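Just so it is clear, none of the values below were taken in a lab; they were calculated from the coordinates. Nothing here was measured: the structure is a model prediction, and the numbers come from that model. So basically every Cβ, Gly included, is an ideal-geometry build from the backbone, and we count neighbours across all protein chains shown.
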Amino acid sequence: MLKEIKVLSDHGWQSIKDLRNQPVSSIFRGRPVISDDITENEVIRVSDLCPSGAISGDSGGIDLGRCVFCRECEFCLPGKIRFTNDYRIATSSMEALVIKPGSDIRVRFDSSLVRSEVRKLFKGALKLRQVSAGGDNSCEMELAASGNVNFDLGRYGIEFTASPRHADGIVITGPITENMAKALQMTYDAVPAPKIIILAGTDAISGGIFKESPAVNRQFLDRRHIDLYVPGNPIHPLTFINGIMDLLGIKP
């Protein structure tokens, strides 16, 4: 026991104390900012360039639910588009994911869209079952990292569980392939009600670059209420954690 205590003492405090305001690398690709003087021709250029159709050819807005954060638009129009390292971009509505020209404010989380039972039942403890529905393992690895000693999501009683029967909701990664559509439905059905659905990553939110693929089947989402959208390609653990905290109404 003394040996273990000495190890803990030598290592010191490893967990991030302030998950809301933890600085990240300046090269991290988070919330973009679009200049309000971007021209119509420039909008068309970057819209045609975007590999996932995230940029509107009409307004010039960037949909974070479709964006793969490749920064090609920024490289094409330096000074007109830039990606900040703001990782607090998870939200409760698809509309809030659209970044408009001239806007430099944090992505808004609409608490009025949160079902009352979510905060009533899950604020003190939340168990989640992660479903990789055709994912490439990038978002999956970041979700796993959210529970490590540094990010320590478990401090709020939020953990991933092996069985959907022990879960309060599911976290979907990947574009939802045809081969995973039935498995996803079966997992969701096994979760006791009430249950939540979280979409983690661009592929899960919109299908990303795979949206038009015949190998993708996203019908499951057509008839479901989505509680949280976590954009990123892949997501950052802090984006996921802050989104969960907003969803549950957890104060740091």
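Label point of A193 set 7 angstrom out along Cα-Cβ; within the stretch 202-227, amide nitrogens under 19 Å from it belong to 220-227.
Peptides 163-174, 188-199 ordered by packing proxy, namely the average of other Cβ atoms within 10 Å per residue, highest first: 163-174, 188-199. Structural descriptor for the stretch 111-248: relative contact order 29 percent, calculated from alpha carbon pairs under 8 angstrom and at least 6 residues apart. Packing here is the average count of other Cβ atoms within 10 Å per residue, and on that basis the peptides 53-60, 83-90, highest first, run 83-90, 53-60. In plain terms, the C-alpha convex hull of the stretch 1-136 casts an average shadow of 12.8 nm² when viewed from every direction.
With an 8 Å Cα cut-off and a minimum separation of 6 or more residues, compute the relative contact order for the chain in percent. Over the chain, the number comes to 23 percent. Placing +1 on the Cβ of every Lys and Arg and -1 on the Cβ of every Asp and Glu, with no other charges, gives the chain a dipole of roughly 940 debye about its Cα centre. Working note: Debye formula, equal point scatterers on the alpha-carbon atoms of the stretch 33-113, no solvent; log10 I(q)/I(0) at q = 0.14, 0.27 Å⁻¹ is -0.42, -1.48. The order of the peptides 136-144, 215-223, 74-82 by mean Cβ neighbours within 10 Å, most packed first, is 136-144, 74-82, 215-223. Near G232, the amide H atoms lying under 5 Å from its own belong to G201, T202; only residues 5 or more places off or on other chains count, and H is placed 1.01 Å from N. The distance between label points at E178 and N41 comes to 4.5 nm (points 7 Å beyond Cα on the Cα→Cβ vector). Only the Cβ atoms of Lys and Arg (+1) and of Asp and Glu (-1) were treated as charged; on that basis the dipole of the stretch 1-136 about its Cα centre amounts to roughly 960 debye. Taking other C-beta atoms within 10 angstrom as a stand-in for reagent exposure, M186, M180 fall in the order M186, M180, fewest first.
Other residues within the sphere of radius under 10 Å centred on the Cβ of V191, judged by their own Cβ, net out at +2 (K and R +1, D and E -1). Here the Debye sum runs over all C-alpha atoms of the chain as equal scatterers in vacuum, and log10 of I(q)/I(0) at q = 0.09 Å⁻¹ comes out as -0.41. Normalising the Debye intensity of the stretch 90-212 to I(0), with uniform scatterers on Cα atoms only, and taking log10 at q = 0.13, 0.19 Å⁻¹ returns -0.60, -1.23. Placing dummy labels 7 Å off each Cα toward the beta-carbon, the span from S59 to I105 is 1.4 nm. The label-point distance for N85 and N21, in a model that sets each label 7 Å from Cα toward Cβ, rounds to 1.6 nm. With 0.36 nm allotted per residue and the present C-alpha distance subtracted, the M186-D136 stretch has 15.9 nm of extension available. Note: relative contact order over the stretch 42-186, using C-alpha pairs below 8 Å and six or more positions apart, is 18 percent. Between the residues T177, S146, T187, the greatest Cα displacement towards the positive end of the dipole of the stretch 111-248, with unit charges on the Cβ of Lys, Arg, Asp and Glu, is found for T187.
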